[in-house]
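Inspection log for the structure reproduced underneath, given as structure tokens.
The values are calculated or read from the model by the stated rules, or taken from the named source; none is laboratory data. Just so it is clear, the model here is predicted, and its values are computed rather than measured. Note: ideal-geometry Cβ built from the backbone for every residue, glycine included; neighbour counts use all protein chains shown.
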């Protein structure tokens, strides 16, 4: 993927990725029935989040909705509970907590959003990403819009772009491969 030198330079400064959930990790749909709420997550995003862990790129989640499905998915992906914020229509408060916890400035944060409640963080973060199925107002302010829609591997696309731009992708893959080789013994 061709990106400008300016964006490449901004991505090189990223130390943490913060993402919205509905519309980014999912396609924005959720199903409610007698057995509760269901959401569809993409396996490639999960694999990329694991890869990010091997590259020491923390992933945090800020969602406007509280959802047991989100809690479960984040737990499956070993995203620490302290980095999962749900029920925050004003996302600035958890954003500030995360940056304080990691002792990073705004230029070290990548944020992924798709709706109007993400707008303040899109302006605040060093790099902002969105997805093709986002609101046009959000796509217009994003530094980059992914090729694939939210829920279809957009986080994978973003994580791989960050890690490749920072020359950390191959190292992370090697650590991941070694981990599985040791488990196989």
Matching option when the condition is in a strand (DSSP E or B) and without any contact (Cβ under 8 Å) to a residue 60 or more places away in the chain, among 85, 111: 85
Failed criterion for residue 174 (all others in (1) under 22 Å from residue 43 (Cβ atoms); (2) modelled with pLDDT of 95 or more; (3) loosely packed, with under 12 Cβ neighbours inside 10 Å hold): (2)
Of the numbered conditions (1) at pLDDT below 95; (2) touching a strand residue (DSSP E or B) at 6+ places or on another chain (Cβ under 6 Å), residue 181 fails exactly one; give the number of that condition. (2)
If we keep only residues of the range 1-11 that are more than 17 Å from the chain's Cα centre (by Cα) and outside any loop (DSSP other than H, G, I, E, B), then the residue nearest to residue 135 (Cα to Cα) is 7
Selection over the range 25-37 where residues are within 16 Å of residue 71 (Cβ to Cβ) and crowded, with 16+ Cβ neighbours inside 10 Å yields a count of 3
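Condition first: in a loop (DSSP other than H, G, I, E, B) and surrounded by 20 or more Cβ atoms within 10 Å (Cβ to Cβ). Now tell me which residues in the range 127-151 satisfy that. Quick ask: steps written out before the conclusion?
First, pick out the residues of the range 127-151 that are in a loop (DSSP other than H, G, I, E, B): 131-135, 142-143, 146-151.
If the condition is that a residue be in a loop (DSSP other than H, G, I, E, B) and surrounded by 20 or more Cβ atoms within 10 Å (Cβ to Cβ), then 131, 134, 142, 146, 150, 151 are the ones that fit.
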Run down 14, 18, 24, 49 and say which single residue is in a helix (DSSP H, G or I) and modelled with pLDDT of 95 or more. 49
For residue 41, the lone unmet condition from (1) more than 25 Å from residue 12 (Cβ to Cβ); (2) out of contact with any helix residue (DSSP H, G or I) (no Cβ under 7 Å at 6 or more places or on another chain) is (2)
Odd one out for residue 121 among (1) within 23 Å of residue 39 (Cβ to Cβ); (2) part of a helix (DSSP H, G or I); (3) out of contact with any helix residue (DSSP H, G or I) (no Cβ under 7 Å at 6 or more places or on another chain); (4) in contact (Cβ under 8 Å) with a residue 60 or more places away in the chain: (3)
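Give the number of residues within the range 2-28 that are more than 18 Å from residue 88 (Cβ to Cβ) and in contact (Cβ under 8 Å) with a residue 24 or more places away in the chain. First the steps, then the outcome.
To start, the set of residues in the range 2-28 that are more than 18 Å from residue 88 (Cβ to Cβ) comprises 2-15, 27.
Filter once more, keeping what is in contact (Cβ under 8 Å) with a residue 24 or more places away in the chain: 3, 7-8, 10-15, 27.
So the count comes out to 10.
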Going through the range 38-66 in order, the residues found to be in contact (Cβ under 8 Å) with a residue 24 or more places away in the chain, surrounded by fewer than 20 Cβ atoms within 10 Å (Cβ to Cβ) and in contact with a strand residue (DSSP E or B) (Cβ under 7 Å, 6 or more places away or on another chain) are 38, 58, 65
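For the range 28-37, does any single residue satisfy the condition of being within 18 Å of residue 142 (Cβ to Cβ) and assigned to a loop (DSSP other than H, G, I, E, B)?
To start, the set of residues in the range 28-37 that are within 18 Å of residue 142 (Cβ to Cβ) comprises 28.
Those left that are additionally assigned to a loop (DSSP other than H, G, I, E, B): 28.
Yes: one or more hits.
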